[in-house]
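Novice: Handing you this structure, nothing more for now.
The values are calculated or read from the model by the stated rules, or taken from the named source; none is laboratory data. All of these numbers come straight from a predicted model, not from anything done at the bench. Every residue, glycine as well, gets a Cβ built from its backbone with ideal geometry; the counts of neighbours run over all protein chains shown. What goes into the accessible areas is simple: the full protein's heavy atoms, side chains included, and nothing from ligands, DNA or RNA. Shrake-Rupley method; radii C 1.70, N 1.55, O 1.52, S 1.80 Å.
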Amino acid sequence: MCFADESGQLLRPPRARTWARRGRTPVLRVRTAGKARLSLAGPVCRKPGHRIRLIYRMMVHRGRTGEKKGFREADFAALLDAAHRQLGGNIVLVWDSHVHHVDAAMRALIDKRTWLTVFRLPSYAPELNPAEGVWAHLKRSLANLAPFTIDGLAAAVRTRLKRLQYRPDLLNGFIAQTGLITTPP
């Protein structure tokens, strides 16, 4: 069973608390000129008898004309194919009703994959998707980090996601927080 979602990150860091002296607000200078951003997508996968897995893909958008700004149907299909190869079996995919998940092109790509069964979460309940917890954890870890370039941000995100892949207890916590699955893997 895989729970998938996507997220994005700009060069502007998320806000967080800091250990500054009272009355002396630290000023963090950030370079936000341009339209560079990261697009992230990935499922949190749980297979009985195996450790939980996080499989992700990252796309860097530098703001150039004609460049893809995010994941499209073919990118999602490639991600699902990679998850199928890594997990080695049929996949039950649970994701939200994002525009790119429900359009005709995506339905055609899903229909071609006999090993894939898709269920949709309601749009009013993002707390049911453990992948939301992964992206929230990632953004909290990036708080107050001010990389100078989009490549620096991509390196930081890649490092944090790689660390997260080796923490199955934390990934299990994201699934347990949803209340959907109560039995341990």
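Novice: How big is the dipole moment of region 5-54 about its Cα centre under a simple scheme where the beta carbon of each Lys and Arg is +1, that of each Asp and Glu is -1, and everything else is neutral? Debye, nearest 20, please. Numbers along the way, then the final one.
Specialist: Values: 14 positive and 2 negative charges, 74 e Å.
In total the dipole reaches around 360 debye.
Novice: Give me the dipole magnitude in Debye, nearest 20, for the chain about the Cα centre, with unit charges on the beta carbon: positive for Lys and Arg, negative for Asp and Glu. Could the numbers behind the result be given before it?
Specialist: Numbers: 32 positive and 13 negative charges, 230 e Å.
Its charge dipole is roughly 1100 debye.
Novice: Which three numbers, in whole Å and largest first, are the semi-axes of the equivalent ellipsoid of region 118-165 derived from its Cα gyration tensor as √(5λ)? If you can, show how the numbers build up before the last one.
Specialist: Values: eigenvalues 140, 27, 20 Å².
Equivalent ellipsoid semi-axes, largest first: 26, 12, 10 Å.
Novice: Using all Cα-Cα distances in region 92-150, what percent lands in each 5 angstrom bin from 0 up to the longest?
Specialist: Calculated over all Cα pairs of region 92-150, the distribution is 4, 15, 18, 18, 14, 12, 10, 7, 2 percent.
Novice: Leaving ligands, DNA and RNA out of it, work out the accessible area of residue 67 with a 1.4 Å probe and give it in Å² to the nearest 10.
Specialist: Approximately 50 Å² of residue 67 is accessible to the 1.4 Å probe.
Novice: Could I ask something else about it? For region 1-85, list log₁₀ I(q)/I(0) at each q in 0.11, 0.20, 0.21, 0.26 Å⁻¹, using the Debye formula over Cα point scatterers of equal strength and ignoring solvent, two decimals each.
Specialist: Summing over Cα pairs of region 1-85 leads to -0.49, -0.94, -0.99, -1.25.
Novice: Less than 25 Å apart at the alpha-carbon level, and either on another chain or at least 8 residues along: which lysines does that give for residue 162?
Specialist: 47, 68, 69, 139
Novice: What is the Cα centroid distance between region 35-65 and region 116-185, reported in whole angstrom?
Specialist: Taking the Cα centre of region 116-185 as reference, the centre of region 35-65 is 9 Å away.
Novice: Output the direction-averaged projected area (hull surface divided by four) of the convex hull of the alpha-carbon atoms of the chain, in nm². Could the numbers behind the result be given before it?
Specialist: On the way: hull surface 50.2 nm².
The orientation-averaged projected area of the Cα hull of the chain comes to 12.5 nm².
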